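Participant: Starting off with a structure, shown below.
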Amino acid sequence: MEHYVVKGGTPLVGEVEIAGAKNAALAILAAAIMADEPVTVENVPDVSDIRAIVGAIAEIGAEVSHPDRHTYVINGKTIRYTEPVDNDAVRKIRGSYYLIGSLLGKYSEAQVALPGGCNIGLRPIDQHIKGFRALGAVVKICPPGLVEARADELIGSHIYMDVVSVGATINIIMAAVMAKGNTIIENAAKEPHVVDLANFLNSMGARVRGAGTDVIRIKGVDHLHGTEYSIIPDQIEAGTYMYAAACTRGDVTITNVIPKHLECLTAKLTEIGCEVTESDDSVRVVAAKRLDHTNVKTLPYPGFPTDMQPQIGVLLGLSKGTSIVTESIFENRFRYVDELSKMGASIRVESNTAIIEGVEGYTGANVKAPDLRAGAALVAAALSAQGYSDIYDIHFIERGYEDFPEKLRSLGGCIAKVDNADEERKAINRFNLKVVS
Ligand code: EPZ
C-alpha cells in the first residue's frame, strides 16, 4: 500500500518554494466559469483537490486547457448548467460547494452534490443556504444528496452571518456579484483567500469592496469578462514548513510567501524561542535549541488558523513544559493525538482542549494520517523522531501539499513515497547512504 517511509533525526536545512494557495484556487477556479470568455488562472497548485474541481468543471461542459503544470484556462461559455454536478471526486472534496455559488450567481440555477472534505467536524452548510435564500433563491437538499438552488432573479440583500465561515462568505459573494442591486455581508470571514477571490472577481469586472474586513459590500454587475490572474501563495503550506523546520531544529528559508499572512504563525514561533526573519517574500525559521511551551487557541483570521493546529500540537509536544491547545473551529481536529502518542507524545485531550506535556523527542512509529493537515503534522513529527516511521493514508496529504516528499528531501529530510516492501528497503538503503534526493 502506498505510504511514506521516513527516517527521522536530520534537521531540515535549506530553501523551499511555496505553491499557490489550494483553498484560494478552489474558489477561484469555481468562479472562473462565471465568464463566457477565457479566464487564465496561474499559480494553481498541482494537488488532488484541484484536479477534482477542474474535472467537475470540465464535466459540465466548460472548455478547460492546462498549458502548464500550474496554469488553467477556463471558458464557461459552453456549460450545461441544467445538469447536476455530481461524481465521486466532487463528493469527496469540500471546495466543490463553490460551484453552487458560481452556477447560481451566473445562471440563477445550480444542482451540486453535497460536499465531502476532511472529517474534522460536522461542517454544516446552513450559512451558505441562508445567504442564497436571502438573495432570493429557493434551496432544497434532494435525493441523492444534491443541493438544488434556483431563483427567478437574484436580488441583493443585507446578510448577517451567524458564524464566521470562509466557505459561506465566498459562496455568497459569488452568488451576489451578478445579482440585481447591492449586497452587504456582515460578520464575513477575513481569510487571505476571501480577499484573493474578491480581487479575482473584481479583475473580471465585479464590484466587491471590503474583502479582508468583516463587512463586504457588493454592487451587482450585468456580466463578468475574461481575465488573467495569479493565485496568492499558500499560507498553510508555508506554515507547515515553518513548523516542520522548528520541529527538526532546522534552518529553513520559505520563499514565495506573503509574510503578512504568516504573522500569527511567526508570533507563536518567536514566543517559544525560534528565530524568524522576514524579508519581502520569504521567511527564515531557525530553531537552534529545544523550544518553550505556550498556549494557543484557533480562531478565524487573523487568529491562529485551525489548519495549523496539528502542526503546532506536534511542535509543542517536543517543547519544554506544559502547553494548552484549544480548538475552537472544528470539533474533530485532535485525531492526530492518538497517532502521535505512538511516537511517544504525552497529550491528554479534554473536549476541545489538548494538554500537552512536552517530551525530549519522538521515536519512529507506524501511523495513519487522519486528515490533510494532521497528516502533514505527523510527517513533521516523523522527521524529528529517532528511527523510522511509516505513514499511511497519504492520499489525505496529497489533497493539499504539492510535491511534499520531494520538497522535504530538498531540505535534507529522509522521506520517500513507497508502495511495497521492496521499494521501502531500497529507500531505507538510500537514506543510510545519505542519498536523499
Ligand atoms: C475552509 O473550510 C477550508 N476549506 C478549511 O481548510 C479550513 O479549515 C476552514 O475554512 C477554516 O479556515 C476550504 O477552503 C475548501 P468554515 P470551510 O465554513 O469553509 C461552521 C484544509 O485543511 N459553519 O470557515 O468548510 C463550521 O462548522 C481545510 O485545507 C457553520 O456552522 O470552513 C466551522 O465550525 C480543512 N455553518 C466554522 O463555521 C456553515 O454553513 C468555520 O467553517 C458553515 C460553517
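The values are calculated or read from the model by the stated rules, or taken from the named source; none is laboratory data. Computed from a predicted structure; not experimentally measured. Glycine also receives a Cβ, built like all others from the backbone with ideal geometry; neighbour counts cover every protein chain displayed.
Participant: Cβ contacts < 6 Å: first residue in contact (Cβ under 8 Å) with a residue 24 or more places away in the chain, restricted to region 243-268; second residue basic (Lys, Arg) and outside any helix (DSSP H, G or I), any location; separation 6+ or different chain. Result?
Facilitator: As it stands, the answer is 253/284, since those pairs meet every condition given.
Participant: Pull out all pairs, ordered by first then second residue, where Cβ-Cβ is under 8 Å, the residues are six or more apart or on different chains, the first lies in region 116-142 and is at positive phi, and the second is hydrophobic (A, V, I, L, M, F, W, C) and within 6 Å of the ligand (Cβ to nearest atom).
Facilitator: Final answer for the pair search is 121/329; 121/330; 123/330.
Participant: Among the residues that make up region 182-194, is at least one of them of a type in the set (S, T, N, Q), within 16 Å of the ligand (Cβ to nearest atom) and more than 19 Å from the chain's Cα centre (by Cα)?
Facilitator: Residues of region 182-194 of a type in the set (S, T, N, Q): 182-183, 187.
Pick out the ones that are also within 16 Å of the ligand (Cβ to nearest atom) and you get 187.
Now drop any that are not more than 19 Å from the chain's Cα centre (by Cα), which leaves 187.
Checked against the condition, which is being of a type in the set (S, T, N, Q), within 16 Å of the ligand (Cβ to nearest atom) and more than 19 Å from the chain's Cα centre (by Cα), region 182-194 yields at least one hit.
Participant: Can you confirm whether region 347-355 contains a residue that is free of Cβ contacts under 8 Å to residues at least 24 places away in the same chain, of a type in the set (Val, Ile, Thr) and in contact with a helix residue (DSSP H, G or I) (Cβ under 6 Å, 6 or more places away or on another chain)? Working first, answer last.
Facilitator: Restricting attention to region 347-355, the residues satisfying the condition of being free of Cβ contacts under 8 Å to residues at least 24 places away in the same chain are 348-351.
Subsequent filtering for residues that are of a type in the set (Val, Ile, Thr) retains 349.
Cutting the leftovers down to in contact with a helix residue (DSSP H, G or I) (Cβ under 6 Å, 6 or more places away or on another chain) gives us 349.
Yes: region 347-355 contains one or more residues that are free of Cβ contacts under 8 Å to residues at least 24 places away in the same chain, of a type in the set (Val, Ile, Thr) and in contact with a helix residue (DSSP H, G or I) (Cβ under 6 Å, 6 or more places away or on another chain).
Participant: Quick one: would you say residue 67 is buried (at least 18 other Cβ atoms within 10 Å of the Cβ), away from the ligand (no atom under 16 Å from the Cβ) and over 22 Å from the mean Cα position of the chain (by Cα)?
Facilitator: Values: buried (at least 18 other Cβ atoms within 10 Å of the Cβ): no; away from the ligand (no atom under 16 Å from the Cβ): yes; over 22 Å from the mean Cα position of the chain (by Cα): yes.
Against the criterion (buried (at least 18 other Cβ atoms within 10 Å of the Cβ), away from the ligand (no atom under 16 Å from the Cβ) and over 22 Å from the mean Cα position of the chain (by Cα)), residue 67 does not qualify.
Participant: Looking only at region 363-387, count every residue that is hydroxyl-bearing (Ser, Thr, Tyr) and out of contact with any Cys (no Cβ under 9 Å at 6 or more places or on another chain) and tell me the total. Let's see the steps before the verdict.
Facilitator: At the first step, the residues of region 363-387 found to be hydroxyl-bearing (Ser, Thr, Tyr) are 363, 384.
In the following step, the residues that additionally are out of contact with any Cys (no Cβ under 9 Å at 6 or more places or on another chain) were identified as 363.
Count: 1.
Participant: Still on this structure, I have one more. Just to be sure I understand the filter: pairs with C-beta atoms under 9 Å, separated by 6 or more residues or on different chains, first member in region 29-57 and among the basic types (Lys, Arg), second member in a helix (DSSP H, G or I). Which pairs pass?
Facilitator: Sorted first by the residue in region 29-57, then by its partner, the pairs are 51/89.
Participant: Out of everything in region 398-413 that is in contact with a Phe, Trp or Tyr (Cβ under 9 Å, 6 or more places away or on another chain) and buried (at least 24 other Cβ atoms within 10 Å of the Cβ), what residue ends up being farthest from residue 19 (Cα to Cα)? Talk me through it step by step, then tell me what you get.
Facilitator: Step one: filter region 398-413 for residues in contact with a Phe, Trp or Tyr (Cβ under 9 Å, 6 or more places away or on another chain), giving 398, 404-405, 407-408, 411.
The next check asks that each one be buried (at least 24 other Cβ atoms within 10 Å of the Cβ); those that pass are 408, 411.
Working: 408: 14, 411: 16 Å.
Looking at the filtered set, the residue picked out is 411.
Participant: Taking region 298-335 on its own, how many of its residues are of a type in the set (D, E, K, R) and surrounded by 19 or more Cβ atoms within 10 Å (Cβ to Cβ)? Write out each step before concluding.
Facilitator: The first filter runs over region 298-335 and keeps only residues of a type in the set (D, E, K, R), leaving 307, 320, 327, 331, 333, 335.
Within this subset, residues satisfying the condition of being surrounded by 19 or more Cβ atoms within 10 Å (Cβ to Cβ) are 307, 327, 333.
Residues meeting the conditions: 3.
Participant: Which of the residues that make up region 272-288 are surrounded by 14 or more Cβ atoms within 10 Å (Cβ to Cβ) and charged (D, E, K, R)? Full working, then the answer.
Facilitator: Going through region 272-288, the residues surrounded by 14 or more Cβ atoms within 10 Å (Cβ to Cβ) turn out to be 272-274, 276, 278, 282-287.
Matches in region 272-288: 278, 284.
Participant: Got at least one residue in region 128-136 being in a strand (DSSP E or B), more than 12 Å from the ligand (Cβ to nearest atom), over 19 Å from residue 80 (Cβ atoms) and assigned by TED's automatic domain parsing to the domain that holds residue 172? First the steps, then the outcome.
Facilitator: Pass one, region 128-136, residues in a strand (DSSP E or B): none.
The answer is no; no qualifying residue exists.
Participant: Okay, moving on. Can you name the residue in region 114-127 that is in a loop (DSSP other than H, G, I, E, B) and surrounded by fewer than 16 Cβ atoms within 10 Å (Cβ to Cβ) and is also modelled with the highest pLDDT among such residues? Lay out the reasoning, then the answer.
Facilitator: Filtering region 114-127 down to residues in a loop (DSSP other than H, G, I, E, B) leaves 114-125.
From the residues that got through so far, the ones that are surrounded by fewer than 16 Cβ atoms within 10 Å (Cβ to Cβ) too are 119, 121-122, 124.
Numbers: 119: 79, 121: 75, 122: 73, 124: 88.
Per the criteria, the residue is 124.
Participant: Take the conditions more than 10 Å from the ligand (Cβ to nearest atom), within 30 Å of residue 393 (Cα to Cα) and of a type outside the set (Phe, Trp, Tyr) and apply them to residue 88. Does it pass?
Facilitator: Considered against the rule, which asks whether it is more than 10 Å from the ligand (Cβ to nearest atom), within 30 Å of residue 393 (Cα to Cα) and of a type outside the set (Phe, Trp, Tyr), residue 88 comes out as yes.
Participant: Same structure, new question: So, in region 70-110, of the ones that are of a type in the set (Lys, Arg) and under 19 Å from the mean Cα position of the chain (by Cα), which residue ends up nearest to residue 147 (Cα to Cα)?
Facilitator: If we filter region 70-110 for residues that are of a type in the set (Lys, Arg), which is where we start, we get 77, 80, 91-92, 94, 106.
Okay, now just the ones that are also under 19 Å from the mean Cα position of the chain (by Cα), so 91-92, 94.
Values: 91: 12, 92: 15, 94: 13 Å.
Of everything passing the filter in region 70-110, 91 is nearest to residue 147 (Cα to Cα).
Participant: For region 241-277, how many residues meet the condition of being aliphatic (A, V, I, L, M) and under 18 Å from residue 373 (Cβ atoms)? Spell out the reasoning first.
Facilitator: So the first thing to find is which residues in region 241-277 are aliphatic (A, V, I, L, M), and the list is 242, 244-246, 252, 254, 257-258, 262, 265, 267, 269, 272, 276.
So of that shortlist, the ones also under 18 Å from residue 373 (Cβ atoms) come out as 242, 244-246, 254, 257, 262, 265, 269.
Looking only at that region, the number is 9.
Participant: Among what's in region 283-305 and is within 20 Å of the chain's Cα centre (by Cα) and in contact (Cβ under 8 Å) with a residue 60 or more places away in the chain, pick the residue that is farthest from the ligand (Cβ to nearest atom).
Facilitator: Ranking the candidates gives 302 first.
Participant: Let me ask another. Would you confirm whether any residue within region 151-162 is within 13 Å of the ligand (Cβ to nearest atom) and part of a loop (DSSP other than H, G, I, E, B)? Explain how you work it out, then say what you get.
Facilitator: First, pick out the residues of region 151-162 that are within 13 Å of the ligand (Cβ to nearest atom): 159, 161-162.
Add one more test, that the residue is part of a loop (DSSP other than H, G, I, E, B), and what stays is 161-162.
Yes - at least one qualifying residue is present in region 151-162.
Participant: Could you run through region 196-221 and say how many residues are within 16 Å of the ligand (Cβ to nearest atom), free of Cβ contacts under 8 Å to residues at least 24 places away in the same chain and in a helix (DSSP H, G or I)?
Facilitator: So the count comes out to 0.
Participant: Going by the structure shown, is residue 49 assigned by TED's automatic domain parsing to the domain that holds residue 128 and in a loop (DSSP other than H, G, I, E, B)? Please lay out each step first, then the result.
Facilitator: Details: assigned by TED's automatic domain parsing to the domain that holds residue 128: yes; in a loop (DSSP other than H, G, I, E, B): no.
No, not satisfied.
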